[in-house]
């Protein structure tokens, strides 16, 4: 007995459609890079919290590689940054990987000094020696750096205020040669200081 589903006029177009769907899903278009765009963090009292969706569309830097880790549906989870070989501490003209802030969030942070807490996980291979952070948008970057121990943790930075600041710059630091060394950023908390 013949099943109607196996009739050539139905079976072959259905097989082609399923094959095309499998090919499109294997390309993972939901994980393709996105154009840099301002993001809004969540407020926890006076603290701006950037995690998950806030890492969706950062601006890349020529001296670093950057990867946004995503789940199957394309939702951003973490941000991986790695400095290219033979790059030491960041120069004031470097911008690093920048998380662009929405206008309301940027307005809250441009009034004065801020405390930035960066939670990270070292990469399993080629972990960076440190991390530098800066407020950006109002002139040359003023980088503040901290050594990053080779275990998950949180680094605390006190950054000088910068008028017109609209982004947070991140730069991995390593003295390693011939390979990129980096960190995986899981959360950033930004608190204005009185």
Residues of the range 36-59 being under 12 Å from the mean Cα position of the chain (by Cα) and either free of Cβ contacts under 8 Å to residues at least 12 places away in the same chain or not in a loop (DSSP other than H, G, I, E, B) (or both), which ones?
-> 39, 50, 52, 53, 54, 55, 59
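Is it true that residue 172 is surrounded by 14 or more Cβ atoms within 10 Å (Cβ to Cβ) and either more than 17 Å from residue 142 (Cα to Cα) or touching a strand residue (DSSP E or B) at 6+ places or on another chain (Cβ under 6 Å) (or both)?
yes
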Failed item in (1) surrounded by fewer than 11 Cβ atoms within 10 Å (Cβ to Cβ); (2) touching a residue at least 12 places away in the same chain (Cβ under 8 Å); (3) out of contact with any strand residue (DSSP E or B) (no Cβ under 9 Å at 6 or more places or on another chain), with residue 75 passing the rest = (1)
Scanning the range 18-35 residue by residue, the ones that are part of a helix (DSSP H, G or I) and surrounded by 11 or more Cβ atoms within 10 Å (Cβ to Cβ) total 3
Residues that are surrounded by 12 or more Cβ atoms within 10 Å (Cβ to Cβ) and more than 18 Å from the chain's Cα centre (by Cα), drawn from the range 146-155 = 146, 149
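Each reported figure results from applying straightforward, stated rules to the coordinates on display, with no laboratory input. Being a predicted model, the structure only gives us computed values, none of them experimental. Here the Cβ is made from the backbone with ideal geometry for all residues, glycine too, and neighbour counts use every protein chain on show.
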